[in-house]
Amino acid sequence: MTDYFSIDNFPCGGLVIDKGGVIVYSNSYIERELGWSFDSLIGERIDKILTRSSKIFYQSYLAPMLIHDKKCEELQLTILNSKGIRIPTVVNVRVDDLGISYWSLFNATKRDKLYEELINTRAQLESQADALKKLASVDELTGLLNRREVLNRSTTLLEQAARSAFMVCFVMIDIDHFKKVNDNYGHAEGDRVLKALGQCLINFSRKTDLISRYGGEEFLLVFPDTAIDQTMMLSERLHEEISNILLINGKPITVSIGVSYNRKLACTFDDIFNQADIALYKAKSTGRNRTVLYETDKDTKVKSQTLNASK
């Protein structure tokens, strides 16, 4: 019965090592799984079955730990089998009062494979999360920022501008008579025009600018740390760039543009956006294909009076 409960029947390697680092006992698992016979190990130093990096780890970390703590738990070493094949191995060691250490060795090959699979799965999940985040922040048709994302980023930008006292300009763009494009040539042509305009804005803008499709045929550009006179010049250039986008009938599209900026440090997104929207309305109501800067509250009154008159 005693033989039946022998350490040789345990599903792990067993080594006994004297205080000089010499192997004085190994169980049959070591021979069965690693190929090292009892006679080939007895009298040899533990270094014989360790890879070079594991030797360094043993000498510099594990051995001092055993001297100090008299034990270690779940440390991973790389063991060499009798054919020189590297086997990742989890080691537990206990040291008695005479300095004799008792080692149990567990093959960690499957654990390493599982860990690698978990790492790969994590990478895939992170990639999927990034893709979902991008989908949630990007307009599907044009690839530009969507309405929610430009609001979030602009709010952060305006908070920075308030602290650092720099100018932020909003440029609202609306395609003139876009409904006629859809009505006369179909929505496929309308989508092509929207995509072409989106790409035009990407090519035109700087990396620091925010470029968004705000909704329908409306686009919003946010220029950080840009003077208003520079923004107005950029807007005029935009008219020229956009005129290169041709409809199916060969005619160029035109746009109306409204511009505003943070006139005071406490400006919110809604403050500047509404002012740019008013300037855009004025550009459309005064002939389209032009840029208008929001200047005073009179612009607000003009829009209000015009809307009331149309009711």
Q: Filter the cross-link list Lys48/Lys110; Lys180/Lys264; Lys195/Lys264; Lys207/Lys251 down to pairs whose alpha-carbon distance in this structure exceeds 28 Å.
A: Lys180/Lys264; Lys195/Lys264; Lys207/Lys251
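How much FRET efficiency would the formula 1/(1 + (r/R0)^6) give for Glu295 and Asn244, where r is the Cβ-Cβ distance and R0 is 25 Å, rounded to 0.05? Display every interim value, and only then the final one.
Working: r = 30 Å, r/R0 = 1.19.
For Glu295 and Asn244, the calculated efficiency is 0.25.
Once you mark the chymotrypsin sites (Phe, Trp or Tyr not before Pro) that are in a DSSP loop and have at most 13 other Cβ atoms within 10 Å, what is the longest gap between them in the chain? Please list the in-between numbers first.
On the way: sites that count: Tyr4, Phe5.
Within the chain, the longest run free of exposed chymotrypsin sites (Phe, Trp or Tyr not before Pro) spans 6-311.
Per residue, what accessible area does the chain have, given a 1.4 Å probe and all protein chains present, in Å²?
Spelled out: the 1.4 Å probe surface of the chain, per residue, equals 59 Å².
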Q. Hey, how many Å between the Cα centroid of region 1-61 and the Cα centroid of region 200-241?
A. 71 Å
Q. Once amide H atoms are placed 1.01 Å from N in the peptide plane, what residues at a sequence separation of 5 or more from Val138, or on another chain, have their amide H within under 5 Å of its amide H?
A. Asn146
Q | Calculated from backbone phi, Karplus (6.51, -1.76, 1.60) coupling profile of region 203-217 in Hz, x at Gly/Pro | A | 5, 7, 8, 8, 5, 7, 6, 9, 10, 9, 9, 6, x, x, 9
Q) Amide H neighbours of Cys169 under 5 Å, counting only residues 5+ apart in sequence or on other chains, H built in-plane at 1.01 Å? A) Phe223, Asp225, Thr226
(Q) Quick check: residue separation of Ile202 and Ser164 times 0.36 nm, minus the Cα distance between them. What number comes out in nm? (A) 11.0 nm
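What is the Cα radius of gyration of the chain over 2.2 N^0.38 Å, N being its residue count?
On the way: Rg = 36.5 Å, N = 311, 2.2 N^0.38 = 19.5 Å.
Against the compact-globule rule of thumb, the ratio is 1.87.
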Q) Taking Cα pairs under 8 Å and at least six residues apart, what relative contact order does region 51-189 come out at, in percent? A) 11 percent
Q. When the helices in the chain are scored as -39500 (n - 2.57) per DSSP H run of 4 or longer and the sum is shared across all residues, what 222 nm value do you end up with, to the nearest 500 deg cm²/dmol?
A. -14500 deg cm²/dmol
Q: Please work out how much length the chain gains when fully extended from Lys83 to Val24, using 0.36 nm per residue of separation minus the C-alpha to C-alpha distance, in nm with one decimal.
A: 19.1 nm
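The values are calculated or read from the model by the stated rules, or taken from the named source; none is laboratory data. These figures come from a predicted structure and were not determined experimentally. Note that we place each Cβ from the backbone using ideal geometry, even for glycine, and neighbour counts take in every protein chain shown. Please note that ligands, DNA and RNA were not included when accessible areas were found on the heavy atoms of the full protein model with its side chains. Shrake-Rupley method; radii C 1.70, N 1.55, O 1.52, S 1.80 Å.
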